[in-house]
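A quick write-up on the structure given underneath.
The values are calculated or read from the model by the stated rules, or taken from the named source; none is laboratory data. Nothing here was measured: the structure is a model prediction, and the numbers come from that model. Note that each Cβ is placed from the backbone with ideal geometry, even for glycine, and that neighbours are counted across all protein chains shown. Calculation scope for accessible area: heavy atoms of the full protein, side chains included, ligands and nucleic acids excluded. Shrake-Rupley method; radii C 1.70, N 1.55, O 1.52, S 1.80 Å.
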Amino acid sequence: MNHPHWPAQSRRKQTTIKAMTELSPPTDLSTWQQHTQGMSAEAILAWAVETFGDGLTFASSLGAEDQVVTDLIAQAELPISIFTLDTGRLFQETYELIQRTEERYGHRIRIMFPDRREIEEMVEKHGINLFRDSVEKRQLCCRLRKIHPLRRAFAGKRAWICGLRRDQSVTRAELQPVEWDAVNSLVKVSPLWDWSNDQVWAFVRERGVPYNPLHDKGFLSIGCASCTRAVQPGEDIRAGRWWWEEPEKKECGLHIVNGKVVRGGQD
């Protein structure tokens, strides 16, 4: 199959909005938050396209939530570009999921890689598994493998979509459908912000959405193979990510909540 880059030409006429970078929250942010809180996930995505045009992109971590968002985008034929981050330390199952997702929806997902020289210098100085030594070194690893390629993917964009949900962790309890990402100077859109885990999996099974088979083995949140383990019965959904750290530190700077950076991990 000949795979063009995502997305396919939309059947709808879309307004192209010139990409620009906001250095402070847009004045419409509060209005957008109120407006989108009563919307379905599909409606939030359509609103985002109407509001930001080709200045919008979707950063998929390939987790179950992001696979749901990918399906919603494809079914509605929304002109939203999709990319994912390859840190160089992903599970083989994740790479296979990328291929299955491209085959299912007929589009190539853009893969963003870290800078080879940055990674080589980091490993030369701190060792191959530096992330186990301290929170600071783990954040360095996340920064070079995730944040830097993420920012390259965001170049020229005004807003980005992610699959965050409120009930995923303590760092996300106050998540809104539309927020300001101060680190990247972009609006962040979370169409599944109020979905439950049960809703996500009901959607996946009903629609036959491709998902990572590691989920069936107790891996509830999947990132790098070196930093992800299966979750034990009764543990929090993100207990398998950076399990040697405190829960409130389990973000890596990809996400902003209420204008504050929550560091320590990825989706």
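Miscellaneous remarks
- For segment 121-137, backbone phi angles converted through the Karplus equation (6.51, -1.76, 1.60; θ = phi - 60°) give residue-by-residue couplings of 5, 4, 5, 4, 7, 10, x, 5, 10, 4, 4, 7, 6, 6, 4, 4, 6 Hz, Gly and Pro being listed as x.
- On segment 86-165, 46 percent of the accessible area sits on carbon and sulfur atoms, based on a 1.4 Å probe.
- Ordering of 34-43, 89-98 by packing [mean C-beta count within 10 Å, highest first]: 89-98, 34-43
- Carbon plus sulfur fraction of accessible area for segment 40-83, probe 1.4 Å, in percent: 47
- In the full protein context, segment 74-149 carries 51 Å² of accessible surface per residue, based on a 1.4 Å probe and ignoring ligands, DNA and RNA.
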